[in-house]
1. I'd like to check something: does region 13-25 contain any residue that is farther than 16 Å from Leu105 by Cα, of a type in the set (Lys, Arg) and under 13 Å from the mean Cα position of the chain (by Cα)?
2. Would a scan of region 80-97 turn up a residue that is over 21 Å from Leu17 (Cβ atoms), of a type in the set (D, E, K, R) and assigned to a helix (DSSP H, G or I)?
3. So if I check each of Ser30, Ser45, Ser39, which one is in contact with a Cys (Cβ under 9 Å, 6 or more places away or on another chain) and either among the hydroxyl-bearing types (Ser, Thr, Tyr) or surrounded by fewer than 21 Cβ atoms within 10 Å (Cβ to Cβ) (or both)?
4. Can you tell me which residue is surrounded by the most Cβ atoms within 10 Å (Cβ to Cβ) among those in region 109-120 that are among the small types (Gly, Ala, Ser) and more than 12 Å from the chain's Cα centre (by Cα)?
5. Hey, Ile58 hits all of (1) farther than 20 Å from Ala11 by Cα; (2) assigned to a helix (DSSP H, G or I); (3) β-branched (Val, Ile, Thr) but one; which does it fall short on?
6. Would you please name the residue that is surrounded by the fewest Cβ atoms within 10 Å (Cβ to Cβ), looking only at residues in region 58-108 that are among the aromatic types (Phe, Trp, Tyr) and over 19 Å from Val7 (Cα atoms)?
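Readers should treat all values here as calculations from the given coordinates under stated rules, not as data from a laboratory. None of the values given here were measured: they were computed from a predicted structure. Positions of Cβ are generated from backbone atoms using ideal geometry, with glycine treated the same way; all protein chains shown enter the neighbour counts.
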Amino acid sequence: MKNYLIVTLGAGVGGALRYFVTDLASKIFSITFPFGTLSVNVIGSFILGFVLFYLDSIELISADLRLFLTIGLCGGFTTFSTFSFETMKLIQDSEYLLAGANVLLNVLLTIFAVYLASVLSKLFIGG
């Protein structure tokens, strides 16, 4: 039961942060491309990679904190379902180039963010 409460708390914090970042992005970028969702997916992927590749590997965090940060916070912060909906909406609006860019950027940049976290973690660890 404790683990469910930890995940719930993390997801709540992550969801609130997601709302903040996407709201901020919509105010900064006034175009139809979903920069907010792209931002949270990239940032969340980096955080997840950093937590798992660095903090967890040097045993700097407890299992409870790892659960809070990964499944909770990152799970609540990133938003693949919204990404899918926004891509479909771009397709329905005949914005095929933007839809393709959205798919490519979300997939490539989130994978790169996890890779970057892995590389930086190795530098910090000294491996």
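1. Yes: one or more hits.
2. yes
3. On the way: Ser30 fails: in contact with a Cys (Cβ under 9 Å, 6 or more places away or on another chain); Ser39 fails: in contact with a Cys (Cβ under 9 Å, 6 or more places away or on another chain).
That would be Ser45, the only listed residue that is in contact with a Cys (Cβ under 9 Å, 6 or more places away or on another chain) and either among the hydroxyl-bearing types (Ser, Thr, Tyr) or surrounded by fewer than 21 Cβ atoms within 10 Å (Cβ to Cβ) (or both).
4. As a first pass, look at region 109-120 and keep what is among the small types (Gly, Ala, Ser): 113, 117-118.
Now narrow it down to the ones that are more than 12 Å from the chain's Cα centre (by Cα): 117-118.
Numbers: Ala117: 20, Ser118: 16.
So, considering only residues that are among the small types (Gly, Ala, Ser) and more than 12 Å from the chain's Cα centre (by Cα), the one surrounded by the most Cβ atoms within 10 Å (Cβ to Cβ) is Ala117.
5. (2)
6. First pass over region 58-108, keeping only residues among the aromatic types (Phe, Trp, Tyr): 68, 77, 80, 83, 85, 96.
Remaining after also requiring over 19 Å from Val7 (Cα atoms): 83, 85, 96.
Working: Phe83: 20, Phe85: 13, Tyr96: 10.
So the residue we want is Tyr96.
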